[in-house]
Ligand SMILES: [Zn+2]
């Protein structure tokens, strides 16, 4: 992903209701429409013309070439060049072929075939036959700022936010996942968000020509939960892309353990030293947390560590056990299956998928049984003080403060244009008598 050396100054470009800041460069030299600028930047008329055709039902690559009037003798050479990059038999219905011509010349000089959302095969006429190359689909990076009020839950507040109308719905849902990951240690989105909460968000996304998001990263976020603002600001300490999130004071939001080993979760049974067992019918302690989730849901290691067990163990069924530093140990039970790269003795990192939810062993339905042990004793993962990540070291403070302020300005841009209803009665300019902004959903 191409990046600018520094954040571009905020330039507000309306894009179908989105606030897009600092629209940045294109990933490669070509766009989907090969317009006048491609060959002759000064020409008044486009030097190159293109024709786009799509692969129809039951059609072959050769059929498309025929429709584009590529001479039969040449079709075979084009196909052979294409085969060096991709199998023609694997092309899906609807695949786009862009035929490129020089103006005034009816001989095809190049063909671009979009073989996946992120890749395209470029075919070019060469001195002898045709040559092919594989290109990454051009993308560009932009920054979106958005704010909203939570009237029901976070999902509807973000996915149904009219300011995000121009963004594909699936991508809006992905933004919630990003938020969940950022705030996972501070807040349980499924239980603690309530009506009257609000959010401000600035995220950077890499966009494909079809408008879908290839990657996304939250730069700054603020969630006002029960009148308490929670803030998260991205900072890349070592400049290696492996940054993290910090609060305004530079304290890391990261904890040594993920709050939960699953993304989509519902707690079905808590840690309880005196639980009536659903199968055995007697009182026995439940020394873990059960998360109800569909079979096959990925299960993640909650912290870096070494796998000490992977296999079947009694009522646990398929079990993964991981030993972590500082005397911690975790167990993930009733798994449907394991991630093949996870074996006894292998190193795993926080967030790595180790297996999948199932109901092996003693289980009445698909769920994950998760245990956390400290110095040999089971502890309640939902009620334990987990050591936090390191704060920003003093030698990075100056850079941190500059970047923090810059990213906070992005959040202010989100609300300046869209006055938010304040939590209780603190009307902002532009809010109506009932405290509701006309721009709220
Ligand atoms: Zn359990």
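Here are the numbers:
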item	result
Taking 100, 254 and counting other C-beta atoms within 10 Å, the order from fewest to most	254, 100
Residue 90/residue 49 FRET efficiency (R0 41 Å; Cβ-Cβ; nearest 0.05)	0.90
Gap separating the Cα centres of the range 353-370 and the range 146-176, nearest whole Å	31
Modelled FRET efficiency - R0 41 Å, residue 353 with residue 76, Cβ distances, 0.05 increments	0.40
Added length on full extension, which subtracts the Cα-Cα distance from 0.36 nm per residue, residue 275 to residue 382	36.9 nm
Neighbour-count ranking [beta-carbon atoms within 10 angstrom, fewest first] of 410, 102	102, 410
Inter-label distance for residue 124 and residue 152, nm, one decimal - labels placed 7 Å from Cα along Cα-to-Cβ	5.3
Sorted peptide list for 328-336, 160-168, criterion being average Cβ within 10 angstrom, highest first	328-336, 160-168
Length released on extending from residue 215 to residue 395, taking residue separation times 0.36 nm less the Cα-Cα span	61.8 nm
12 Å cut-off, amide nitrogen to a point 7 angstrom out along residue 306 Cα→Cβ, residues in the range 347-384	347-348
Taking 84, 222 and counting other C-beta atoms within 10 Å, the order from fewest to most	84, 222
Expected-Rg normalisation [2.2 N^0.38 Å, Cα atoms] applied to the range 119-190	1.81
Kirkwood Rh in Å, taken over all unlike Cα pairs in the range 266-379	14.0
Label-point separation, residue 173 to residue 194 (7 Å along Cα→Cβ), nm	2.8
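Taken together, the values in this text are just the output of simple stated rules run on the coordinates, not laboratory data. Note that this is a predicted model, so its numbers are computed, not measured. Neighbour counts run over all protein chains shown; Cβ positions are idealised from the backbone, glycine included.
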